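Remarks on the structure that follows.
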Amino acid sequence: MEDKLNIGGRQVDSRLFMGTGKFADYRLMSEVIKASKAQVVTVALRRVDFGAPEENMLSYLPPDTILMPNTSGARNAAEAIRIARIAREAGCGNWVKIEVVSDQKYLLPDNFETIKAIEVLVKEGFVVLPYMSPDLMAAKRMAEAGAAAIMPLGAPIGTNRGLKTRELVQILISEIDLPIIVDAGIGRPSEAAEAMELGAAAVLVNTAIATADNPVLMAEAFAQAVEAGRKAFLSGPGSTQRFAQASSPLTGFLRNEESAST
Amino acid sequence: MTFYDELVRLRNTDYAAEFERVTPSQVSSALAKTELQPQDFLALLSPKASSLLEEMAQAAHRLTLQHFGRTIVLYTPLYLSNYCINHCVYCGFNSANPILRRKLTLPEVELEAKAISQTGLQHVLILTGESRQHSPVSYIKECVAVLRKYFSSISIEIYPLSTEEYAELIAAGVDGLTIYQEVYDEKTYSRLHPGGPKRDYRFRLEAPERAGQARIRAINIGALLGLGQWRSEIFLAGMHLAYLQETFPEIESSISLPRMRPQFGDYRPEFPVSDRDLVQSILALRLFMPRAGITISTRERAELRDNLIQLGVTKMSAGSSTAIGGHTNAKDSIGQFEISDKRPVDEVRQTIANLGYKPVLKDWHDLN
C-alpha cells in the first residue's frame, strides 16, 4: 500500500524526521540518520559552518536528504525571517522550520511571532513548517498564513517526557487540514508510536536518539516504532473499552423478546 | 528595580552560618528535586554536600547531556588593548603596574583575526582594559568591523557601558557580553578596587541588565574565584544568573568560574579555591540552572578541564593568549594573567572528540 506523506509538493516516504543537534560527532550523526531511514533532516543554521568541509555538517547528510534548516536562536519574527533567508541564500533549499523562542528557561515556542514569520516567508516562496505550542487557534492562523505542516511539541524540547500534550495534539489532528508533525519531547519509541497511532503525520526526534548510549540502535527502534504506529493508525484500531463485553447485563432481557417474535 | 535591590536583600544573611546549618537531608532533598529553589542551591554549595559530589555529578551529567547533548562550544579571547586606569589589586593590567602598554592597530587586529581564524574557531571574545581615552567605544566598533569578516560570533569583555553604547556595539555586530562582578561582597569589592571608575560597584553589577535592555543575544557573568568566600560568591553569582534569566528570558545566559591565576604583581588570593570546591560549584550551578551555559577557560590546567567536560561545562576557551597581539607575536608583551592550558586549538579539539564530545566551532550566525 502506498502511503506517502506530501509536504509542500514533495513526497516523503519516512515519517520519522531527524534533528542533528547534540551528537558527539558528525560521522556518528551520519550513521544514525542512515539507520533511521529519515529523509527530512533539520539543521540549525547557527551551527552550520559553511567555511570548512569537515566541519560542515551538511556534507555528512545522505545525498537524498530533504534539508529543513531551522531558525534556532531566533527570538522574534524578524530574526527568524533573517535566518530563513540566509539559509536559502547559502543553498539550503526553500524548506524552513520556524523556531522562535523568547524564553530560554523552558524553550517554549512563541506562537505569535511564529505566525508573523510564516506570513512573510510563505509570500517569499518558502515551504514553512512552524514549531509551535499546541493551540488550535494559533494552528488555524498558521494554516491560513500558508504553513505546509504544523509541528506541535509533545513536551518541552529536550525533556524526553513523551506526548504530554496528547489531548491538544489530538485536537489539531482532528481540526487542521495539514500534516501534524509532533516535534520535541518524544523520549521513547513507544511514545513515537503513540503519536503516530493518534494520527500524527510524522514525528521529529533528536535528543532521544542523539543522547542514547547506542544512537544507531535507538534510531532503528524509532524507525520501527513510527512505522508500527502509522500502520496501526491506518488499520483503524478497535475502540478501547473500560469493561469486558461478554454479555449485556442491562439489556439482555431484550434478546428474549427478539427470539420470541421470530 | 535591578539585581542590586535583590542583592541588598540577599546580603542580609550570615552565609557562613547558613552553610553550616545545612543538614544531610536538605542536601538529599535538593538532589531529588527537578526544579531547585535558592534554598536547595545553597544546600548543594554547603560543606555537607561535598560528601555527595559523585551523586551530584551523576545528576549534573545527565541534565547537561539532556539539554546540551555531547557538545562543547569553543572560543578564544583576543586582547585589543591593555591601557587601564583602574587599580584592581589582583590584576596584571593594574594602571600602577609598570608594563608595556599598547593597543592593536586595525591592521594588527586583522592579523590576529587571520591567525585565530586559521585554527577554525568562529567565536571570539574581545577584551580591553578600561580606558575611554585609548580604547573608546568607537575604537571597539572599528575592531568589530574588521573581525566580522572572520568570525560568526563576537563577544565583548570590556569596561561597563551605558545602554546606548551597548546598543551601538550590538548594531555594529557584537552579540555577546561577558562581564564578571569579580567579587559580589561589596566590602571586599571596595577594598580590591581602590581607584578608577571600577570603584562603582553598582554600575558594574547592573551592566548585564543594560546590555539586556539593548537586546544583546547572550550574557555571561561570573565571580573571580579567590577574591571572596567561594560558597557565598557562587551562591550570589547563581542568584544573579537566575535574576537575569527571569528578567530577560530571551537571552542566552551563562556563567564562568574563573579561578585566580598568577599575574604580574604580588597579589595572592585570600581565599584559594581547590579543584574540589570548583567541581562542587559547577555541579551546584548546573543543578540549579539546568539550561544555563557554563564556561571554563584556559585558566584551568588541561587535565582538569578534560575531566570537567562531563560535569556540566558547555563552553571552553582554547588557544588562548592574554597578551596584546598574543595570537601573532606575544613575546614582547606581558599578559593579564598566566594561561594554564597551553594546548593549541587542534589538540583541544582532538581531546574533546576523544572524550566523546563534539567541539562546536560555530554556534551562532551573524544576522546583521
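The values are calculated or read from the model by the stated rules, or taken from the named source; none is laboratory data. Keep in mind the model is a prediction, meaning the values are calculated, not measured. For neighbour counting, all protein chains shown are included, and Cβ atoms are generated from backbone atoms with ideal geometry for every residue, glycine included. For accessibility, only protein heavy atoms count, side chains too; no ligands or nucleic acids. Shrake-Rupley method; radii C 1.70, N 1.55, O 1.52, S 1.80 Å.
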One finds the C-alpha centres of the range B:68-131 and the range A:112-180 to be spaced, in Å, by 44
Amide H contacts under 5 Å for A:I7, restricted to residues at least 5 apart in sequence or on another chain and with H modeled in the peptide plane, are A:V12
May I ask you to derive the FRET efficiency for B:S190 and A:D103 from their Cβ-Cβ distance with R0 = 30 Å, giving the value to the nearest 0.05?
0.25
Spin-label point model (7 Å from Cα, Cβ direction): what's the A:V216 to B:D5 distance in nm?
5.8
Rounded to the nearest 0.05, what FRET efficiency do B:A353 and B:K33 have when you use their Cβ-Cβ distance and R0 = 25 Å?
0.15
Here D for the range A:5-236, in µm²/s, from Stokes-Einstein with a Kirkwood Rh over Cα pairs at 20 °C and 1.002 mPa s, works out to 124
How much area per residue is accessible in the range A:39-112 when the probe is 1.4 Å and only protein heavy atoms are counted (Å²)?
36
Which residues does a label at B:E110 reach in the range B:142-163, if reach means a backbone N under 15 Å from a point 7 Å past the Cα toward the Cβ?
B:142-151
Cα atoms only, the protein assembly as shown: Rg and Dmax in Å?
27.1, 115
On average, how many beta carbons from a partner chain sit within 10 Å of the beta carbon of a residue in A:40-47?
3
Quantify, in whole percent, the carbon and sulfur part of the accessible surface of chain B (1.4 Å probe; protein heavy atoms only).
51
So what's the angle, to the nearest 10 degrees on a 0 to 90 scale, between helix A:77-89 and the longest Cα principal axis of chain A?
70
To the nearest 10 Å², what's A:T42's accessible area with a 1.4 Å probe?
10
Taking chain B as a whole, which cysteines find no other cysteine Cβ under 4.7 angstrom from their Cβ?
B:C84, B:C143
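How well do other chains shield peptide A:70-83, expressed as the mean number of their Cβ atoms within 10 Å of each residue Cβ? Write out the running numbers ahead of the final one.
Values: counts 0, 0, 3, 8, 2, 6, 2, 0, 1, 3, 0, 1, 3, 2.
For peptide A:70-83, the averaged partner shielding equals 2.
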Can you give the accessible area of B:H240, probe radius 1.4 Å, in Å² rounded to 10?
0
The long-range amide H neighbours of A:M132, using H built 1.01 Å from N in the peptide plane and a cut-off of under 5 Å, are A:M151, A:L153
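Give me the summed buried accessible area for the B-A pair, 1.4 Å probe, to the nearest 100 Å².
Roughly 2900 Å² of accessible surface disappears when B and A pair.
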Degrees, to the nearest 10: A:189-198 long Cα axis against longest axis of chain A
60
Give the accessible area for B:T2 in Å² (nearest 10); use a 1.4 Å probe, count only protein heavy atoms, and leave out ligands, DNA and RNA.
30
Average projection area in nm² (convex hull over Cα atoms of chain B, one quarter of hull surface):
16.4
For B:K103, the aspartates and glutamates lying under 16 Å Cα to Cα, once residues fewer than eight places off in the same chain are dropped, come out as B:E112, B:E130, B:E142, B:E157, B:D332
If B:C84, B:C143 are ordered by their accessible area, calculated over protein heavy atoms with a 1.4 Å probe, which sequence runs from highest to lowest?
B:C84, B:C143
Calculate one ³J(HN,Hα) per residue across the range B:206-216 by plugging θ = phi - 60° into the Karplus curve 6.51 cos²θ - 1.76 cosθ + 1.60, and present them in order as whole Hz with x for glycine and proline.
8, 4, x, 5, 5, 5, x, 5, 7, 6, 5
Farthest toward positive dipole pole in the range A:5-236 [+1 Lys/Arg, -1 Asp/Glu at C-beta], among A:A117, A:G21, A:A195:
A:A117
With each run of n ≥ 4 DSSP H residues scored as -39500 (n - 2.57), what mean residue ellipticity at 222 nm is computed for chain A after dividing by its residue count and rounding to the nearest 500 deg cm²/dmol?
-11500 deg cm²/dmol
